[in-house]
Amino acid sequence: IGSVLSGGGSPPSPNNATSWANMYDGFQNAALTTPLGIPLLYGADAVHGHNNVVGATIFPHNIGLGATRNPTLVQNIGRATAEEVAGTGVDWNFAPCLCVARNDRWGRTYESYGEKPELPTSMTPYITGLQGASLGGAASVLATARHYLGDGGTTNGTDQGNTQLSEAELRAIHLPPFQAAVQRGAGSVMISFSSWNGTKVHGSQYLITNVLKNELGFSGFVISDWDGINQIDGASGISATDVRTAVNAGIDMVMVPNDWQAFIGLLRTEVQAGRVVMSRIDDANRRILTKKFELGLFERPLTDRTFTGTVGSAAHRTLARSAVAQSQVVLKNSGNVLPLARDNNRIFVAGKSADNIGNQSGGWTISWQGGSGNPTPGTSILQGIRNTVGSSTTVTFNQNGSGIDSSYRVAVAVVGETPYAEGQGDRPGAMGLDSADLNTINTLRASGVPVVVLLVSGRPLDIAGQLPNWNALVASWLPGTEGQGVADVLFGVTQPAGKLPVTWMSSASQQPINDGDGKTPLFPYGFGLTYTTQPPPTDTTAPTAPGTPTAASVTSSSVNLSWAASTDNVGVTGYDVVRVQNGTETAQAATTTNSAALTGLTAGTSYTFAVYAKDAAGNRSARSGTVAVTTSSGQGTATCRVRYAVNDWGSGFTGNVTISNTGTSAINGWTLRFAFPGGQQIGQGWEGTWSQSGNQVTAVNASWNGTISAGASVTTGFNGSYSGSNPPPTAFTVNNNPCTIA
Ligand code: GLC
């Protein structure tokens, strides 16, 4: 056996960097004890960081890196990945995927840097990051350009399906990234499971030998995919035809995860029978041995443990955080709801992927398919948000959105896809959000609070129908462990610069949809918004307290409160009405005006209310004074008699009012009303809360005289002023019921 691999999620136990290094050294030492002592290559899929290893830095998947349009960043990621891979002994990475994803239904769309060949082509510096300028330097890891050829162009985006294109189209769309990879000295190329016009690429001598090796001049070695040769003859399992066809097509190393003894026997038979010539065997060995020599495996076969400590290092996580921020694509930002204010804000966060490292990392993470949860250390998007805001900001999280109310200034819904890999991620049917996500967003919307949607997904989703109801939309892709980078863009710590690496469909029925195909997308390839506004100024000045509320129209279950408006340097945007009881406050209403109609109160109950003012930055004033209100008993309507007496000294007077309950049941809470016929104005009142609007005068009971028993009376009064005459009111009501006048 010349080489060994870890397939997705095939780790040693325990799964940590040192354990990987020990495993690698174990295999390598065994290889060195064989008669020829030829060191082996150890391959793994480190497709977004060394993603099989717990604790490794998980970078954004390629679709997000394509959105950055930053090849230097991607080369640096290649380098960081190489250090973490080398630190575990592994010397061969099955990356980068240079697939050109043409149909977003494909389960491997997120492994593509983009839908136009120039984008994956531009990202081939990843190979240099991985291998170094030449193989054999410190932490030099063999790269694999994959999957050759046309894996992203299959009909309906079916994984391992059939790419039905003319040769001209195949060359124009899918070949350029491999040309660039060969020019960069990629050490290996992996063959695609897919077919070209019905012929399995694994069996295509034309594509592998004529085009890749002869025309492009590829001098590295060609590796098959996982049991890929078994598919050549159309029957399951490995056969002599499979083996012969694959090796003669130009495959140099065969990935046979299980039937390796059968493979060796079949190949030996084919060679002995002359159906595979020795020169082909020699060519394959020469290619493989050349890369082993160039990598320095003969001189330094064991793990370079000086890199083991780089696994999950702060420096790598900082690089990943920057990559995440650069990968964010802002697709909608109505009213410039983004960036969010870091201070004096009230943010409600919801969604299944808000606090879920597994979801934000996607497939190929610790396990082959990946999975929801927290399989490896990192920063969730919610944690990133919490890390970013100041102490004056409240961040509340509830996955399904329950608990949100209008006191919040913005809601952030982090939704999208759960992890998948390869064909298990194919979406031949609908491509929209699942019902849980839709319900979460609707719950948030019902509060009236602006909603920012973050899509954590491996591809565009079919969201055109819901988009009008969203205030903002950000494509976060699959950011990996460093969710802080998402928060950096949300709050404008990093300005958004991401641009779509794929066309965003208006509906799933448009798939495949690609730049230049004449279809009308929801968002075109290359689209991405920047922030036209800077983060709002941090307004730390709280509004002044509003006036003490006055109560009116008290019934058995409701009361109308109103208060003098507050003032503020930036501008009061609303009020919070609270009930104060035994030292605690209960929210009653949030208003944008200086009044509130409270309903649903309990009959015959004494309440105390107060009000806060809020401003644009979310500052709250001190609490206003309190008003006491006793709801009426609700037992029938009040019948009453009012005696109005004045003591008039010219331009001023006092008004003394006696309210008698002429009914048979107690009045629990009263509101007296009358109108001044002249231009009288009330001043201070007593034994009740007096107020006047125009000529309408209202007096509401104090907390101690709210109850008037049947046949009993209460008095209240006020100081007043007038000019000219001082005619008495001609009508009075108590709780909106007319009273007789004594
Ligand atoms: C998988 C993938 C390939 C991967 C290989 C080893 O099936 O197709 O991308 O490198 O097997 O895990």
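The values are calculated or read from the model by the stated rules, or taken from the named source; none is laboratory data. Keep in mind it's a predicted model, so treat the numbers as computed, not measured. Neighbour counts are summed over all protein chains in view; Cβ atoms, including those assigned to glycine, are modelled from backbone coordinates with ideal geometry. Just so you know, the surface numbers come from the protein's heavy atoms only, side chains and all, with ligands and any DNA or RNA stripped out. Shrake-Rupley method; radii C 1.70, N 1.55, O 1.52, S 1.80 Å.
Some points to look at:
- Applying the criterion of at least 2 residues that are touching a Cys at 6+ places or on another chain (Cβ under 8 Å) to the strands (runs of 3 or more DSSP E) found wholly in the range 641-726 leaves 652-661.
- Residue match in the range 230-237 (condition: in a strand (DSSP E or B) and either touching an Asp or Glu at 6+ places or on another chain (Cβ under 7 Å) or open to solvent by less than 60 Å² (accessible area, probe 1.4 Å) (or both)): no
- Number of the exception - T144 against (1) open to solvent by 20 Å² or more (accessible area, probe 1.4 Å); (2) within 16 Å of the ligand (Cβ to nearest atom); (3) in contact (Cβ under 8 Å) with a residue 60 or more places away in the chain: (1)
- Residues that are away from the ligand (no atom under 16 Å from the Cβ), among the aliphatic types (A, V, I, L, M) and open to solvent by less than 30 Å² (accessible area, probe 1.4 Å), drawn from the range 241-266: V243, V247, A249
- Some residue of the range 148-171 being charged (D, E, K, R), surrounded by 24 or more Cβ atoms within 10 Å (Cβ to Cβ), in a strand (DSSP E or B) and under 33 Å from the mean Cα position of the chain (by Cα): no
- Near pairs, Cβ below 6 angstrom, 6+ apart or cross-chain, from the range 178-206 (touching a residue at least 12 places away in the same chain (Cβ under 8 Å)) to any residue that is more than 15 Å from the ligand (Cβ to nearest atom) and charged (D, E, K, R): G187/K291
- Answer from N214, N197, N230 - the residue that is within 15 Å of the ligand (Cβ to nearest atom) and not hydrophobic (A, V, I, L, M, F, W, C): N230
- Test: residue in the range 507-528 that is within 17 Å of the chain's Cα centre (by Cα) and either in a loop (DSSP other than H, G, I, E, B) or in contact (Cβ under 8 Å) with a residue 60 or more places away in the chain (or both): yes
- Matching residues, the range 65-115, being within 16 Å of the ligand (Cβ to nearest atom) and either among the charged types (D, E, K, R) or at pLDDT below 95 (or both): D91, R108, E111
- Residues that are assigned to a loop (DSSP other than H, G, I, E, B) and either without any contact (Cβ under 8 Å) to a residue 40 or more places away in the chain or over 29 Å from the mean Cα position of the chain (by Cα) (or both) were ranked within the range 17-57; the one that is farthest from the ligand (Cβ to nearest atom) is P35.
- Scanning the range 99-107 for residues that are in contact (Cβ under 8 Å) with a residue 24 or more places away in the chain, within 25 Å of D252 (Cα to Cα) and open to solvent by 10 Å² or more (accessible area, probe 1.4 Å) turns up nothing.
- In the range 549-567, the residues that are crowded, with 16+ Cβ neighbours inside 10 Å, of a type outside the set (G, A, S) and assigned to a loop (DSSP other than H, G, I, E, B): P549, V554, T555, W563
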